[in-house]
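Below you'll find the structure, written out as C-alpha cells, and then a few comments.
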Amino acid sequence: GAATQLVITTQPSATATSGSAFAQQPVILYEPFKITIQFPTEIGRQYQIYHSKDLMRWEAVTGILPGSGVVNEFNDEGAEVMGFWKVITVP
C-alpha cells in the first residue's frame, strides 16, 4: 500500500547564520495534513519554528518557545503538503 508516514532526520547546516547546531538532531514526522517536529531543548535557550513554501520567504509558525531541557514537540495540523520547516535558537 501507499506510505502513510514519512520520517526525516537531518543534519544542521554547517554554515547556519542563526543559532547553533543541535547536539541531537530535530526529527520531522509527516502524516497526511499533519507535520510533527521534535527537537531537543536546553534550559535557558529559546526557540522558534518557521515555515516556507519556497525557501526564500519564511514565516514564524510559533511564538518564542522556552527550552526546558527535554525534547519539545510542535504539531502543525492541516499542514501544507509541500513546504519547509526550520527550528532556530533565538538570542
Amide proton proximity set for Arg45, modelled H, under 5 Å, gap of 5+: Gly67
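Determine the gain in length on full extension of the stretch Arg45-Ala60; use 0.36 nm per residue of separation and subtract their C-alpha separation, reporting nm with one decimal. List each step's numbers first, then the result.
On the way: separation 15, 0.36 × 15 = 5.40 nm, distance 1.74 nm.
Contour length minus the Cα-Cα distance gives 3.7 nm.
FYI, it's all coordinate maths here, none of it is from the lab. Treat the numbers as computed from the prediction; the structure is a model and nothing was measured.
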